[in-house]
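Rule-based calculations on the coordinates, nothing more; no lab input. For clarity, every value in this text was computed on a predicted model and none was experimentally measured. With ideal geometry, Cβ positions are generated from the backbone for all residues, glycine too; neighbour counts draw on all protein chains shown.
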Amino acid sequence: MKVRTEQPSATARAESPDEVCQRESKSPPKLTVRLSAEESPVTGYVLIEGSPKALRFLASLLGAQARAKDCGSQLHPNGPGNIFFSRKSELGIYIHRLPCASRPTKHRKH
């Protein structure tokens, strides 16, 4: 017996990052984003952790940003989007798709 998976219709409109956040805001998953404290020969890791639901939320957010008209979106534990972060979070998330919408040929620092 084959398992049938639902595929989005060709006419279905993809969600924007704001719509993903709106959809998930009723029962917001909690991400923890901070610098890793693990001892390692290589430093500079960002730790992103959360439940399976939280990681699926992040995946949906990344996918939505890949398709969005605007090139960037952000969430921060002390600002917009704070409902998606645990109390342990130290860092926000800025997702920037290239090429930049405001400068199509070069990466622009925001």
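Things worth noting here:
- Of the trypsin sites (Lys or Arg not before Pro) found in region 52-105, the ones in coil according to DSSP and having at most 12 other Cβ atoms within 10 Å of their Cβ are 69, 87.
- Amide H to amide H distances under 5 Å link residue 86 with 31, 32, 33, where only residues 5 or more positions off or on other chains count and H is placed in the peptide plane.
- For region 72-85, putting each phi into the Karplus relation 6.51 cos²θ - 1.76 cosθ + 1.60 with θ = phi - 60° gives couplings of x, 8, 8, 9, 8, x, 10, x, x, x, 4, 5, 8, 10 Hz, in residue order, rounded to whole numbers and with x for Gly and Pro.
- Shape metrics for region 26-110, restricted to C-alpha atoms - Rg then Dmax, Å: 14.4, 41
- Sparsely packed loop sites in region 26-84 (the chymotrypsin sites (Phe, Trp or Tyr not before Pro) outside DSSP H, G, I, E and B with at most 12 other Cβ atoms within 10 Å) comprise 45.
- In summary, the convex hull built on the alpha carbon positions of region 25-76 has an orientation-averaged projected area of 4.9 nm².
- Residues whose amide H lies under 5 Å from that of residue 71, counting only those 5 or more places away or on a different chain, are 101; hydrogens are built 1.01 Å from N in the peptide plane.
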